[in-house]
Amino acid sequence: MSRPLVIFYILVIYVLFQFGWWAYLLSDLYSDVFELRLKLIQYEITNPEIIQSEKDLFLSNLKKKWLMIAGEGLVFITLLFIGIRMINKAFVKEMRLTQQQKNFLLSVTHEFKSPLAAIRLNLQTLEKHELDSDKRKSILNNSLAETDRVTSLVNNALIASQMEARKYTFDMNWFNVSNKIASIIDKIPEAKKEFIEIHQNIEPDLEMFGDADAIESVINNLLQNAEKYSSNNKAEVHVDLKRNKKHIELIFKDKGIGIPGEERENVFTAFYRIGNEETRKTKGTGLGLYIAKYIIDNHKGKIEILDNQPVGTIFHISFPSN
Ligand code: ATP
Ligand code: MG
């Protein structure tokens, strides 16, 4: 059972108990009044001083009871407010999740539709026209790139669903992270280099204990983001890798649109994308950083978002190195 629901039930039980207790107090008070009335009739006016002392006793008891009721009431109202606030928070969270899932559906449909449409168009062109070999090659390359886009989308969705179900397993080994990063950057196809310029500053031969494929997926996601969220034609990214005392630090700096302070926690949640799906220009599923954070957490590492100067974002990642 979720925490807000448990608190809600505790609150309901408390409210019921409180009503019972107050009902008991009221009936007790009523019987006191009734008893005093009886005594008043019995003593009549012949014993005025005794009646006075009874009255005083009754009034002091009444005062104590009122104080008790006020105290109980205060506790009750405070708890009620805390409960309402927690339920409200859970409700807002639920609404946000629904919105994110709606965004996810919208973006996923688009993400699948556009590469498939492009591939179809390319195939139709190849079928209908006799093209020279350069043109054919360019169309084939474009189709391959579009296929990669769909594959990466499906992979991300698959990895994220395994992570949600806690079924994603890491294959942990010592590996040369410096070589890994260099090979990922090397693998970037020439066609893509038109859109991204990578400056690397990599300390050689740093070893880390982890899942090399998972770390590759973190790096790919961050490079993709740097490219996607840079408004210039060519994104400029600095990738630094260095050892710092007992940590290995991996830093990505871009000169893109930046991430506002209040969004820095949110972007690591599954399906979360800044802004609104209908108006946003870039496409994506909001899974990249969720996956990256999950992988980094499982390597006992940390990921932090900072401002780049004068514009852009810095992703600062650190892993324990031994
Ligand atoms: P996906 O990676 O699944 O294709 P995505 O890029 O939208 O989709 P994330 O990588 O999780 O998802 O990023 C979440 C959001 O954080 C993005 O939608 C974007 O708004 C913001 N963001 C991420 N990286 C950057 C960046 N380098 N600069 C500016 N904004 C960023
Ligand atoms: Mg992304």
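The values are calculated or read from the model by the stated rules, or taken from the named source; none is laboratory data. Please read these numbers as outputs of a predicted model, since none were measured by experiment. Here Cβ is always computed from backbone atoms with ideal geometry, including for glycine, and neighbour counts include all displayed protein chains. These area figures cover heavy atoms from the full protein model, side chains too; ligands, DNA and RNA do not enter into them. Shrake-Rupley method; radii C 1.70, N 1.55, O 1.52, S 1.80 Å.
Points worth noting:
- The requirement of being exposed (fewer than 13 other Cβ atoms within 10 Å of the Cβ) and free of Cβ contacts under 8 Å to residues at least 24 places away in the same chain is fulfilled nowhere in segment 198-207; no residue meets it.
- Qualifying residue in segment 74-86 (condition: assigned to a helix (DSSP H, G or I) and under 30 Å from residue 287 (Cβ atoms)): yes
- Qualifying residue in segment 277-296 (condition: buried (at least 19 other Cβ atoms within 10 Å of the Cβ) and more than 16 Å from ligand 2 (Cβ to nearest atom)): no
- First in segment 153-170 and of a type outside the set (A, V, I, L, M, F, W, C), second anywhere and not in a loop (DSSP other than H, G, I, E, B), Cβ under 6 Å, 6 or more apart: 168/162
- Test: residue in segment 133-143 that is open to solvent by less than 90 Å² (accessible area, probe 1.4 Å) and closer than 30 Å to residue 269 by Cα: no
Here's the yes/no breakdown for (1) within 30 Å of residue 84 (Cβ to Cβ); (2) at pLDDT 85 or above:
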site	(1), (2)
21	yes, yes
24	yes, yes
30	no, no
33	no, no
39	no, no
44	no, no
49	no, no
58	no, no
65	yes, no
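- Residues that are open to solvent by 60 Å² or more (accessible area, probe 1.4 Å) and at pLDDT below 90, drawn from segment 106-131: 106, 109, 110, 112, 113, 129, 130
- Subset of segment 211-263 [within 22 Å of the chain's Cα centre (by Cα), among the charged types (D, E, K, R) and open to solvent by 50 Å² or more (accessible area, probe 1.4 Å)]: 228, 262
- Residue 83, sole failed condition from (1) in the same structural domain as residue 13 (by TED's automatic domain parsing); (2) touching a residue at least 24 places away in the same chain (Cβ under 8 Å); (3) loosely packed, with under 14 Cβ neighbours inside 10 Å: (3)
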